[in-house]
Amino acid sequence: EKYPEVEVQFSTECTAVDFHHDTAKLQLQRCGPPLATEGLAQEESCDVTTESVKEMEADLVLGCDGIRSAVRQALRTAGADVEQQRFADRRPIVYRVLAIPTGKDDSTELNYSVRKDNVIVEALPNVEGNLLGVVLFRPTDERIEGLKSGAEAKKVFEELFPDWPTPMISDQEWENFAARKTRQLPQFAYTGPELNLGGKCCLLGDAIHSVKPFFGLGLNSGFEDISVLDQCLEDCNSDLSKALPLYTRRRAEEAKCLVQCQRRFDQATDLRFALAFVLPIVLDTIFRKLLPSIFAPGLLALFQDGELTFTAAKRRKQRDRILQTIIILAFLTLLCCGSFWALRGVTRFL
């Protein structure tokens with residue numbers, strides 16, 4: 001209503017784009033409406049018929065269609081140097097969604113979380129005033145993957161989480177939960193070296209950088225893509241033939257850096273995770289307290305702060321690691337020398 005010139009088509013997927021014309025030709029596939037259940041939408045039923053597929057033309061295409069982007073594939077077909085580097089999961093985690101009602105005195109402005117025995121429930125408030133629960137678990141966990149009824153689901157959660165959220169959930173929602181499909185978290189992936197096709201198209205969001213949703217950098221980095229594109233348009237006086245290549249130069253390396261840095265935290269064992277994630281946090285916390293004017297916060301904090309680009313934050317932490325290594329080695333050297341001379345003095349005395 002605020003922007004009458006903007007048309008939003010819900011439940012519509014772009015399945016193909018042809019850039020071999022003066023204007024891009026898009027093929028759109030419309031799906032059926034979602035089947036609503038208690039507080040959540042079920043899987044969309046996509047009934048593909050001749051009537052549900054249509055074409056439209058566009059002077060500019062912004063490909064924000066996710067990790068399996070059809071627009072990205074069309075760019076490759078049209079000759080753009082667009083390649084997606086996708087990484088296999090080192091520690092796969094899957095999820096199911098769960099509608100969680102709120103109690104009378106519960107706040108709908110907080111994020112709720114509970115975990116036990118490799119099962120995690122993250123609950124986020126929605127506009128309806130309820131909580132959207134995301135149940136994270138290993139794909140080999142048959143307690144959840146093998147559920148056949150709502151009664152089984154309720155029993156599993158009573159053993160894991162007897163206090164919350166189990167007592168809040170209705171029997172019908174347990175039936176819905178048992179019947180829902182298990183979904184995979186997105187894989188780590190980035191796209192490059194080009195993100196555009198002349199002045200006709202560019203890619204944003206998960207189409208160029210896909211990360212796990214644990215640190216709030218997925219959707220937020222997509223917003224940052226929009227901000228960078230807007231700045232490029234302003235710098236080039238809205239000349240698309242100049243602005244979109246500039247967007248590639250400013251954003252392709254950032255997308256690669258974001259994915260590579262976050263993937264370091266995805267380790268196959270607890271020991272590797274501790275070395276890759278926990279140990280750097282401990283070191284950064286100690287050195288930041290001792291020398292705050294020299295050492296920056298941890299890498300994730302720099303990423304989330306937004307004052308530095310991802311590549312600049314990475315370079316800053318590389319400098320910090322070098323200084324930390326030098327200080328630790330110098331301290332160990334002094335400690336060893338001091339121990340040596342102390343032992344030597346004791347030996348002479350004896």
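The values are calculated or read from the model by the stated rules, or taken from the named source; none is laboratory data. Quantities reported herein were computed from a predicted structural model and do not represent experimental measurements. Because the Cβ atoms are built from the backbone with ideal geometry, glycine has one as well, and the counts that use them run over all protein chains shown. Surface areas here come from the heavy atoms of the whole protein model, side chains and all, with no ligands, DNA or RNA. Shrake-Rupley method; radii C 1.70, N 1.55, O 1.52, S 1.80 Å.
Values computed for the structure shown
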item: Tilt relative to the chain, helix 240-263 - C-alpha long axis, 0 to 90 degrees, to 10; result: 50
item: Gained length - D59 relative to L124, 0.36 nm times residue gap less alpha-carbon distance; result: 19.6 nm
item: Helix 279-290 axis, angle to the chain major axis (alpha carbon atoms, nearest 10°); result: 60
item: Candidate lysines - alpha carbon under 23 Å from K317, same-chain residues fewer than 8 apart omitted; result: K212, K256, K289
item: Translational diffusion coefficient (Stokes-Einstein; Kirkwood radius from C-alpha pairs) of the range 78-232 at 25 °C, 0.890 mPa s, in µm²/s; result: 136
item: Computed P(r) (all Cα pairs; the chain; 20 Å bins; percent); result: 22, 48, 24, 5, 1
item: The range 168-227 - Kirkwood radius from inverse mean 1/r over Cα pairs (Å); result: 14.4
item: Solvent-accessible area, 1.4 Å probe, carbon plus sulfur percent, for the chain; result: 56
item: Cα centroid of the range 217-276 to Cα centroid of the range 303-335, whole Å; result: 22
item: Kirkwood-based Rg to Rh ratio, the range 109-192, C-alpha trace; result: 1.00
item: Förster radius 45 Å - calculated FRET efficiency between V346 and D305, Cβ distance, rounded to 0.05; result: 0.30
item: Kirkwood Rh in Å, taken over all unlike Cα pairs in the range 217-318; result: 15.3
item: The chain: angle of helix 310-349 to the longest principal axis, Cα-based, in degrees nearest 10; result: 20
item: Within a Gaussian network of the chain (alpha carbon springs, distance under 10 Å), most fluctuating of G216, G63, G79; result: G79
item: Residue with peak Gaussian network fluctuation, the chain [Cα springs, cutoff 10 Å], from S339, S113, S221; result: S339
item: Value of relative contact order over the chain, rounded to a whole percent, pairs C-alpha under 8 Å and six or more apart; result: 13
item: Share of pairwise Cα separations in the range 268-350, more than 14 Å, in percent; result: 72
item: Residue with peak Gaussian network fluctuation, the chain [Cα springs, cutoff 10 Å], from A99, A74, A88; result: A88
item: Computed lengthening from S293 to F215, 0.36 nm per intervening residue step minus Cα-Cα distance; result: 25.5 nm
item: Residues of the range 75-123: accessible area per residue with a 1.4 Å probe, Å²; result: 59
item: Among beta bridges that DSSP assigns inside the chain, antiparallel share in %, nearest 5; result: 95
item: Virtual spin-label span in nm between Q318 and T182, 7 Å along Cα→Cβ; result: 4.0
